Amino acid sequence: MEQFTMGTEVLYGFAKVFGATTLCYLVFVFLYRTRIVRRKKQSAAKKEEISQWIGELLFFDFGEASNREKEAYLLKKTQLREWIAVKENRELLVAQMLRLRLDVAGEAKNTLITLYKDLNLHLYAVQNLKSWRWEIVSAAILELTQMHMAEAYIPIRGFLNDKRKVVREQAEIAIISLKEEGIAHYLDTVKTEISEWQQLKIIEILKSRNQFNMPNFEKWFSAHNSGTIMLALRLAEAFGQSGVSSHLSDVIVHKQKEIRELGYSLVQKFGAEEVKPTMKLYYWKCSGDERLNILQAFYSMGNHEDVGFMEEVYHRETSETHLDLANKILDKLAPNRAKKDTNPIREAHDRPFEGMSTEEKGDRPPIKLVQGDTMSKMGEGTHGLSILNTYFDQDNFNRMLLLDAVSKTKDKEDISLLRLVVAKETNLAIKIKALEILRSFGINELEDVSKTVPLHDLIKESRATR
């Protein structure tokens with residue numbers, strides 16, 4: 001019974017402590033909430049007062065004001081200077097001025113910026129640039145940029161290659177907005193990647209200038225930073241600098257694909273005749289998409305001097321899309337030419353396959369499945385080697401196409417490939433095709449080849465398996 005009484009007393013004690021703690025917590029929450037509400041009301045009242053002050057200072061006319069009104073104006077300005085000595089008041093004033101800047105224009109906007117500077121608010125913002133907190137630095141840069149404080153150009157310039165992305169991007173926008181020479185310094189200095197959004201933003205800022213002495217952006221086409229090259233190309237395109245045409249030859253052979261694509265875009269826009277020799281030389285070394293860009297460029301600016309190159313493309317190209325475009329270009333440049341299809345791949349594609357079953361043929365795939373680089377080298381005296389490198393990577397359909405092409409070119413350098421096909425090919429129809437091509441050469445080595453795989457045995461085996 002005595003133990004039970006002690007337990008009850010302890011329980012009562014815990015209840016009293018818990019009740020007191022709860023009461024204290026509720027009182028604290030109430031007082032804290034009351035303080036927040038009071039601060040919000042005070043802040044709203046201060047904002048309204050600040051708006052009235054700014055309005056009176058902003059639209060005050062010295063010319064028509066009396067001496068008494070002028071004295072009241074100067075007194076109010078002095079009081080405002082003393083009032084913003086408190087950090088909280090200063091932040092409220094700056095926030096109101098930045099908000100008001102979006103609603104005014106013309107003379108009122110210039111007066112607002114002058115007032116901002118007269119109150120030395122820009123000095124506080126410059127001081128915030130020394131903070132170690134990125135959000136304070138970013139806010140200070142944005143404030144100085146929106147209030148067009150050109151005096152802050154040099155301090156902000158030091159953040160161009162800052163490790164903090166937000167700070168860096170704010171600094172980039174700032175130096176380009178504050179001074180005309182900012183874009184040139186930016187292109188010379190930037191070492192980091194420039195996002196596509198940032199590039200478009202920079203172009204938008206420069207286009208919004210009423211007067212802008214543009215530098216020649218061609219000088220940055222050979223920069224080490226790929227982002228700098230892409231921005232320079234977009235700027236040249238946006239401002240119509242057709243004089244960059246002579247510098248596009250290096251751009252279209254750049255190692256980065258995005259830069260090459262921008263280069264082709266400028267070639268077509270400016271009709272860069274100077275780039276034609278480079279495009280002709282580079283055509284057989286680039287991918288299918290880039291070949292299409294080159295052909296589109298010739299379609300827009302080609303002339304009779306390019307007919308020979310287009311005839312070569314039409315003879316050697318293997319992609320149906322490229323062939324059709326090359327044909328259109330030839331029709332445009334030389335409409336009276338004799339139209340003759342001499343492309344061996346196209347002719348092979350249109351011929352039925354002899355000795356192949358229906359299952360082996362399957363659905364006829366498009367011509368583009370045959371790699372262009374394989375056939376493009378067939379006219380350069382390296383037929384056997386070029387086909388040897390890719391032949392056994394192809395399916396039966398494309399292997400037959402390659403053999404048809406070899407039978408059309410009649411190049412004896414292909415004999416080594418044909419020997420290899422006869423020795424290693426597992427498809428009987430393709431082996432027979434290779435032996436028939438070897439026979440068409442009329443050479444004595446055919447007997448030596450047939451000793452390993454006699455032609456009549458292959459034919460009998462082929463018929464037995466059908």
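Listing for the model above:
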| item | result |
| --- | --- |
| Test: residue in the stretch 402-411 that is at pLDDT 50 or above and of a type in the set (Asp, Glu) | yes |
| Which numbered condition Ser246 fails, given (1) crowded, with 16+ Cβ neighbours inside 10 Å; (2) modelled with pLDDT under 90; (3) part of a helix (DSSP H, G or I) | (1) |
| Matching option when the condition is under 15 Å from Arg260 (Cα atoms), part of a helix (DSSP H, G or I) and in contact with a Phe, Trp or Tyr (Cβ under 7 Å, 6 or more places away or on another chain), among Ile176, Ile229 | Ile229 |
| Subset tally (residues that are of a type in the set (D, E, K, R) and under 16 Å from Met147 (Cβ atoms)) for the stretch 54-102 | 4 |
| Residue, least open to solvent (accessible area, probe 1.4 Å), within the stretch 55-76, restricted to residues that are more than 15 Å from Glu107 (Cβ to Cβ) and hydrophobic (A, V, I, L, M, F, W, C) | Ala65 |
| Any chance Arg260 is at pLDDT below 90 and either more than 17 Å from the chain's Cα centre (by Cα) or at negative phi (or both) | no |
| Check on Ile136, hydrophobic (A, V, I, L, M, F, W, C) and surrounded by fewer than 20 Cβ atoms within 10 Å (Cβ to Cβ) | yes |
| Positions within the stretch 62-82 being under 27 Å from Leu123 (Cα atoms) and of a type outside the set (S, T, N, Q), in sequence order | Phe62, Lys70, Glu71, Ala72, Tyr73, Leu74, Leu75, Lys76, Lys77, Leu80, Arg81, Glu82 |
| Residue list for the stretch 309-330, filter: farther than 21 Å from Leu401 by Cα and open to solvent by 50 Å² or more (accessible area, probe 1.4 Å) | Glu311, Lys328 |
| Enumeration of residues in the stretch 139-155 that are open to solvent by 50 Å² or more (accessible area, probe 1.4 Å) and touching a Leu at 6+ places or on another chain (Cβ under 9 Å) | Leu142, Gln146, His148, Glu151, Pro155 |
| Any pair with Cβ under 8 angstrom, 6 or more apart, that starts in the stretch 274-285 at a residue that is more than 15 Å from Val307 (Cβ to Cβ) and of a type in the set (Val, Ile, Thr) and ends at one that is part of a helix (DSSP H, G or I) and open to solvent by less than 40 Å² (accessible area, probe 1.4 Å) | Val275/Ser245; Val275/Ile252; Val275/Val267; Val275/Ala297; Thr278/Ile252 |
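The values are calculated or read from the model by the stated rules, or taken from the named source; none is laboratory data. It should be emphasised that the depicted structure is a prediction, and the values quoted were computed from it without experimental measurement. Neighbour counts run over all protein chains shown; Cβ positions are idealised from the backbone, glycine included. Keep in mind that these areas ignore ligands, DNA and RNA; they rest on the heavy atoms of the full protein, side chains included. Shrake-Rupley method; radii C 1.70, N 1.55, O 1.52, S 1.80 Å.
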